[in-house]
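These notes are about the structure you will find just below.
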Amino acid sequence: VTDLLPSTTTSQTAIKYMEETTSTSGAAEIAEAGTYAESTFVFTEQTSNVRKIGTILPVTDEQLEDEAYVEGFVDNRLGFFLAQRLDGQLVVGNGTSPNLRGLLNVVGIQTQPKGADPGPDAAYKAMVKVRVTGRATPSAFIYHPTNWQDIRLLKTADGIYIWGSPSEAVPDRIWGLPVAQSDAITLGTAATGDFPGFSELAVRRGVEVKISDSHSTYFAEGKQAIRADMRAAVVFYRPAAFCTVTGL
């Protein structure tokens with residue numbers, strides 16, 4: 001999911017931005033010496049606070065000394081844990097400190113119930129809502145792996161897999177858009193939208209790893225505490241440029 005959002009850096013503790021609530025285009029043909037029609041925008045000032053995601057792992061002095069690869073392995077794994085958590089926050093964070101406000105909890109995003117539609121049909125209808133009401137171009141989908149499994153295993157009446165043969169490495173795509181699979185998104189819900197145009201991940205500080213024996217009684221016990229954290233904020237500039245698909 002993180003890869004879908006444009007990433008920037010910030011030196012601030014909070015991102016103040018203008019959320020586009022509504023817009024009305026006045027663009028029209030004009031006769032010579034005619035009067036230009038006005039376009040209007042309604043913006044609401046919003047704030048997205050920089051939040052910290054972190055974790056700590058205890059290891060013994062012997063583990064660090066006797067296994068040369070342990071420190072690098074731990075660094076990579078802790079970084080992966082942070083990335084997983086950030087993915088979840090970008091989608092379902094509730095916005096209550098210390099959480100980020102993820103896409104599914106942004107006020108004003110659109111919703112397309114699946115109802116009796118086949119899964120692909122509901123996904124296409126969500127794309128249309130992004131284009132028509134959101135005046136944006138959908139760039140990707142986010143699916144829970146279990147819900148994407150239902151799409152991937154669709155067959156024709158004579159048993160042919162619609163999404164390609166099981167013997168082939170078929171890209172995860174639907175209606176031409178890439179699919180990011182995340183077990184963080186609510187099961188039964190998918191999401192699409194114009195991520196490059198109307199979202200932003202502002203990184204205050206990337207993943208930083210520190211090690212110390214001063215935690216708790218670790219010095220006396222011959223232990224080290226390896227700590228990893230990062231700080232970032234997320235912004236969705238036009239909520240209507242995004243749409244969930246529910247009831248999958």
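Structural remarks
Condition check ((1) open to solvent by 40 Å² or more (accessible area, probe 1.4 Å); (2) touching a Lys or Arg at 6+ places or on another chain (Cβ under 9 Å); (3) among the aromatic types (Phe, Trp, Tyr); (4) over 26 Å from residue 21 (Cβ atoms)) across all residues:
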{"site": "134", "(1), (2), (3), (4)": "no, yes, no, no"}
{"site": "140", "(1), (2), (3), (4)": "no, no, no, no"}
{"site": "146", "(1), (2), (3), (4)": "yes, no, no, yes"}
{"site": "161", "(1), (2), (3), (4)": "yes, yes, yes, yes"}
{"site": "167", "(1), (2), (3), (4)": "yes, no, no, yes"}
{"site": "171", "(1), (2), (3), (4)": "yes, no, no, yes"}
{"site": "178", "(1), (2), (3), (4)": "yes, no, no, yes"}
{"site": "181", "(1), (2), (3), (4)": "yes, no, no, yes"}
{"site": "191", "(1), (2), (3), (4)": "no, no, no, no"}
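- Looking only at region 212-237, residues that are modelled with pLDDT of 95 or more and among the basic types (Lys, Arg) come to 1 in all.
To keep it simple, each residue is scored yes or no on (1) within 17 Å of residue 126 (Cα to Cα); (2) in contact (Cβ under 8 Å) with a residue 60 or more places away in the chain.
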| site | (1), (2) |
| --- | --- |
| 158 | no, no |
| 164 | no, no |
| 170 | no, no |
| 188 | yes, yes |
| 194 | yes, yes |
| 222 | no, yes |
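- Residue in region 80-92 that is in contact (Cβ under 8 Å) with a residue 24 or more places away in the chain, open to solvent by 80 Å² or more (accessible area, probe 1.4 Å) and over 30 Å from residue 221 (Cα atoms) present: yes
- Test: residue in region 53-61 that is under 22 Å from the mean Cα position of the chain (by Cα) and open to solvent by 60 Å² or more (accessible area, probe 1.4 Å): no
- Of 22, 8, 111, 47, all but one fail to be in a strand (DSSP E or B), at pLDDT 95 or above and either β-branched (Val, Ile, Thr) or crowded, with 16+ Cβ neighbours inside 10 Å (or both); the exception is 111.
- Going through (1) in contact (Cβ under 8 Å) with a residue 60 or more places away in the chain; (2) surrounded by 16 or more Cβ atoms within 10 Å (Cβ to Cβ); (3) under 20 Å from residue 122 (Cβ atoms) one by one, residue 230 falls short only on (3).
- When residue 244 is tested against the conditions (1) polar (S, T, N, Q); (2) closer than 26 Å to residue 94 by Cα; (3) open to solvent by 60 Å² or more (accessible area, probe 1.4 Å), the lone failure is (3).
The values are calculated or read from the model by the stated rules, or taken from the named source; none is laboratory data. Since this is a predicted model, take the numbers as computed values, not measurements. We place every Cβ from the backbone using ideal geometry, glycine too, and count neighbours over all the protein chains shown. In case anyone asks, the SASA skips ligands and DNA or RNA and just uses the protein heavy atoms, side chains included. Shrake-Rupley method; radii C 1.70, N 1.55, O 1.52, S 1.80 Å.
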